[in-house]
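Only the coordinates and a few stated rules stand behind these numbers; no lab work does. The model shown is predicted, which means the values in this text are computed figures rather than measured ones. So basically every Cβ, Gly included, is an ideal-geometry build from the backbone, and we count neighbours across all protein chains shown.
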Amino acid sequence: MTTIAQRLKQIRSQISAAELAYNRRPGAVLLLAVSKTKPAEDIAAAYQAGQRHFGENYLQEALKKQQELGAYDITWHFIGPIQSNKTKPLAMHFDWVHSVDSLKIAERLNAQRPSGLPPLNICLQVNISDEQSKSGITLAELPQLCEQVSQLPNLKLRGVMAIPAPQQDFELQREPYKALYRAVAELHRPDLDTFSFGMTGDLKAAIAEGSTIVRIGTALFGERDYS
Ligand SMILES: *Cc1c(COP(=O)(O)O)cnc(C)c1O
């Protein structure tokens, strides 16, 4: 049986190989371990193997695991859909939120970020190819929302996150990332240093198109029973 530590090693070497193949700086891509639906023991196993950044989608589940893992020095990322009445625990208990898609949510996170903590790192979720999904802003909305979120003192706007419609073909996988990367480049904002691009099925294409954070669940923790 393959262990989480062995899979972690394999994924790290895939990331390094893709950085090399696509002229990315070695170490440019951060591995975010997506632990949704998986028990705290799996997170602990990855942690023991050196993993520090973990991503969760469901607030209640995440808060429970954070309590169980209180002694671990983990950087927590929230990557799931955000309900506006649940922003307070997000602002209190996470280091990053990747799935901000409205000014209202951003303003609530800003108001609810505890003053003793550093600014909350934010990515704006952009819906670039998945017409089925209601999450994410359009490319046309990106410049203005970037401008507005940048004004909020308790948030640190870092960049964008995308979940494209699934594609098997490598070249087709690259297209939405290429378009979004270009749109961000056109904003001429060197402070936007984060492209949260890529999952188990399209990690290489995402790295080819500028990803700085790949969000990997299945390849690390195995298939999920739900979602
Ligand atoms: C579940 C999830 C992932 C991980 O997907 P895998 O295909 O299992 O690697 C990444 N990003 C988001 C937003 C997710 O919800």
- Note on the structure: Taking only C-alpha positions in the range 16-106, Rg and Dmax in angstrom work out to 14.8, 44
- Simple spin-label model, 7 Å along Cα-to-Cβ: ARG52 to ASP193 in nm? 1.4
- Query: Mean 1/r over all different Cα pairs, inverted: what Kirkwood radius does the range 69-173 give, in Å?
  - Reply: 14.5
- Query: Anyone know which of ASP193, ASP73, ASP101 comes out most mobile in the 10 Å Cα GNM of the chain?
  - Reply: ASP73
- So what's the range 4-220 giving for Cα Rg divided by 2.2 N^0.38 Å, two decimals? 0.97
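Checking understanding here: applying a Kyte-Doolittle mean of at least -0.5 and a length along the axis of at least 27 Å (C-alpha), which whole DSSP H helices in the chain pass?
Qualifying helices: none.
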- Message: For a quick check, take a GNM of the chain with Cα springs below 10 Å and name the residue from ALA18, ALA62, ALA140 with the largest mean-square fluctuation.
- Response: ALA140
- Note on the structure: Only helices counted: for the chain, with every DSSP H run of 4 or more residues adding -39500 (n - 2.57) and the sum spread over all residues, [θ] at 222 nm is -11500 deg cm²/dmol
- Task: May I ask you to give the average projected area over all directions of the convex hull of the Cα atoms of the range 104-164, in nm² rounded to one decimal?
- Result: 4.2
- Which one of SER16, SER115, SER84 has the biggest mean-square fluctuation once the chain is modelled by GNM with Cα springs under 10 Å? SER115
- Starting from the Cα of LYS86, draw a straight line to each of the lysines and keep only those under 25 Å, dropping any in the same chain fewer than 8 residues away. LYS36, LYS38, LYS64, LYS65, LYS104, LYS134, LYS156
